[in-house]
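A short reminder: the numbers here are calculations on the coordinates, not readings from a lab. No experiment lies behind these values; they were computed from the predicted model shown. All Cβ positions, even for glycine, are placed from backbone atoms using ideal geometry, and neighbour counts span all protein chains on display.
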Amino acid sequence: MHYLLSSVIVSALTFVTLQAKADDKTVLIDQAMVQAAGGFPLKITKPGNYRLNGNLHVPANANGIVIDADGVVLNLGGFQLECAGGQNTGIFSDHSTTTYNNIAVTNGNVAGCWTGVDLSGTGNATVEGLTVSGYGVVGIEVNAGAIRKSIVTGGSDPHSIGLGLSSGIVDSNFVAGGDHVGIAVYGAAFALVVGNVVNANYLAISTEPYQSVLAGSNTLRNSGTAYPLGTVVSQNNNLCNFTAC
């Protein structure tokens, strides 16, 4: 009786395990998978969940991952996408013909790319928990959406931007290094910039004159002559160059 009961339990657990694997629709990405698919850039053309299963090494003058679909969640899984050099982008959405919506890139590292993450043509995009280092001109750029809890360092170009956003929220990020502008807000929609730490070579926050930006609880340091907050409406609880602002 005990043997029969044990067999039934084992069989049931085996079925549950197999069923869980069958229902797991996350696509795993690693270097071997990319090479088997034809090399870089790896193009994601279907909605769904994608996760790195190892570090990716992108050759010189090639882009890393191109997201050409709505509803894509790309989890870097704590791994790193590293560009070997050239005018290339680590992760981006090609919006030359279509605007893609509801894209998320999270949890990992992007290093050595001319632009780290470019979702400048997307709608409702989220970038969260990334470390972008050694970039050239832009660390992370999102059109409409959110940039949260990310670390951006680098900016080798004289006009580099750490974080760029048109509308949405820039929340709890750390931006430092050679950035000409720490956080750039452009366009004509509303944006909230809150809880960030920025050390920039010229402007901590740059905005366009007609931009509606609300800023609070940021620690900002810049070496330029322009006022760090520009045309931003401050909540008077920011710290600008060690002075309340």
### Query
What size of dipole, in debye to the nearest 20, comes out for the chain about its Cα centre when the only charges are +1 on Lys and Arg C-beta atoms and -1 on Asp and Glu C-beta atoms?
340 debye
### Query
Between THR207, THR98, THR122, which gets the highest mean-square fluctuation from a Gaussian network model of the chain, Cα cutoff 10 Å?
THR98
### Query
Mind checking the alpha-carbon convex hull of the stretch 133-242 and giving the volume per residue in Å³?
77 Å³
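Determine the calculated [θ] at 222 nm for the chain from helices alone, applying -39500 (n - 2.57) to every DSSP H run no shorter than 4 residues and normalising by the residue count; nearest 500 deg cm²/dmol. Don't skip to the answer; put the middle values down first.
Values: 2 runs with 28 residues, N = 245.
Result for the chain, helices only: -3500 deg cm²/dmol.
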### Cα Rg over Rh - the stretch 68-128, Kirkwood
0.97
### Query
Considering the chain, what Rg and Dmax in Å follow from its alpha-carbon atoms?
21.1, 84
### Query
Under a plain spin-label model, where a point goes 7 Å from the Cα along Cα-to-Cβ, how far apart in nm are GLN31 and SER156?
2.1 nm
### Message
Given a 10 angstrom Cα cut-off, can you work out which residue in ASN199, ASN173, ASN49 is the most mobile in a GNM of the chain?
### Response
ASN49
### Query
What is the distance, in nm, between label points placed 7 Å from the Cα along the Cα-to-Cβ direction at THR45 and at ARG221?
4.8 nm
### Query
Dipole of the chain (Lys/Arg Cβ +1, Asp/Glu Cβ -1, origin at the Cα centre): which of THR153, LEU28, CYS245 lies farthest to the positive side?
LEU28
### Message
Cut-off 10 angstrom, C-alpha nodes, Gaussian network model of the chain. Which of ALA32, ALA144, ALA204 fluctuates the most?
### Response
ALA32
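Quote to one decimal, in nm, the extra length available between ASN237 and GLU208 on full extension: 0.36 nm per residue of separation minus the C-alpha distance between them. Each step should come with its number before you reach the end.
Details: separation 29, 0.36 × 29 = 10.44 nm, distance 2.18 nm.
Gain on stretching ASN237 to GLU208: 8.3 nm.
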